[in-house]
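The values are calculated or read from the model by the stated rules, or taken from the named source; none is laboratory data. The structure displayed is predicted, hence computed values, not measured ones. Backbone-built Cβ (ideal geometry, glycine too); neighbour counts: all protein chains shown. Each accessible area value is taken on the protein alone, full model and side chains, heavy atoms only, with ligands, DNA and RNA left out. Shrake-Rupley method; radii C 1.70, N 1.55, O 1.52, S 1.80 Å.
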Amino acid sequence: LGPESPQIEPALKFLREIKLGQRTSLPEKVVIIGGGAVAIDSAMSAVRLGADTTMVILGQRHEMLVDEEEIQEALEDGVKMLNGWSTKEYVVVDRELRKLVLQRCLRMFDDNYRPALKFDSDDTMEVEANLVVTAIGQDSNLDYLSEDIGIDERRSVLLNMAFQTSAEGVFAAGDIKAPALTISAVAEGKRAAMSIDTYLKGSGIYFGRVIDIPETRLDPKIWDYPREQAARLEPATRRQGFAEVESTFNPDQARREAYRCMRCDRNSTQGLFLRTFPNGA
């Protein structure tokens, strides 16, 4: 993470201070280390506060753990992306961070897609930096766990299919198992609760409800209507502040989008059949 310096800080602190209005300006040159969703958010926030912003990313563009749409939007906003590079050295002069020396990242994974970083320390470049924001992930604090709870080499708690640890009667879910989205942790928490109820000989917990799916024939004309697109701010406008970038549908758009619903509760093969044979077979 580099030397101890007030000019090097974690992304969550950076984003929190912006959200709370505690930070309304930035130094001229900001470098974001990382290529995930938090890194993208940090970079786009830095641009909106007027900084010349560069992302330093280990992997290539197709290896970034973020949607292509977000990558494109960040580029449109003016974020510069250096794919396939890693920090080699922080250059500090008179206690002031001046620049980063980067080295080429040749590989992130081996042929089995296991982490296997490989660098070319002779292939380097320099990037000016007055502030570095690190967005390279966080680990769970597992120091408080007892020794009978198994932990793998990734510092994640080992769980079985019922979300039970190796300790009798101890269950877990969420980032302590593997970092993911909040909604994934919520879903895992519900499944863990069901397993705990079963373990305690409870009467059973079921999250969901039985849905009666009526038999109906799809209207093949739904494929003739294009998908509605919500209005979006142009890059020149959106990079000036934190206004909502993508609006919701207006009433007419909402009605048209609802009309073209393809009935997600039905077997998609039926829709394919009707699209291919609109008059039946």
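Quick look at the values:
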item	result
Subset of region 94-150 [among the acidic types (Asp, Glu) and in contact with a strand residue (DSSP E or B) (Cβ under 7 Å, 6 or more places away or on another chain)]	Asp110, Asp120, Asp123, Glu126, Glu128
Failed criterion for Cys105 (all others in (1) open to solvent by less than 80 Å² (accessible area, probe 1.4 Å); (2) within 17 Å of Asn130 (Cβ to Cβ) hold)	(2)
Test: Ala281 is of a type in the set (A, V, I, L, M), at pLDDT 90 or above, assigned to a loop (DSSP other than H, G, I, E, B) and farther than 30 Å from Leu159 by Cα	no
Top-ranked residue in region 31-51 [being over 21 Å from the mean Cα position of the chain (by Cα) and open to solvent by less than 50 Å² (accessible area, probe 1.4 Å); ranked as nearest to Thr134 (Cα to Cα)]	Ala51
Of residues in region 116-158 being open to solvent by less than 40 Å² (accessible area, probe 1.4 Å), more than 25 Å from Ile176 (Cβ to Cβ) and not in a loop (DSSP other than H, G, I, E, B), the one modelled with the lowest pLDDT	Ala116
Residue match in region 168-177 (condition: under 26 Å from the mean Cα position of the chain (by Cα) and within 30 Å of Asp52 (Cα to Cα))	no
Residues satisfying the stated conditions in region 159-180, i.e. among the hydrophobic types (A, V, I, L, M, F, W, C), modelled with pLDDT under 90 and buried (at least 18 other Cβ atoms within 10 Å of the Cβ)	Ile176
Close pairs (9 angstrom Cβ cut-off, 6 or more residues apart or separate chains): free of Cβ contacts under 8 Å to residues at least 40 places away in the same chain in region 185-202, surrounded by 14 or more Cβ atoms within 10 Å (Cβ to Cβ) and among the β-branched types (Val, Ile, Thr) anywhere	Gly202/Ile196
Residue within region 77-93 that is polar (S, T, N, Q) and open to solvent by less than 30 Å² (accessible area, probe 1.4 Å) present	yes
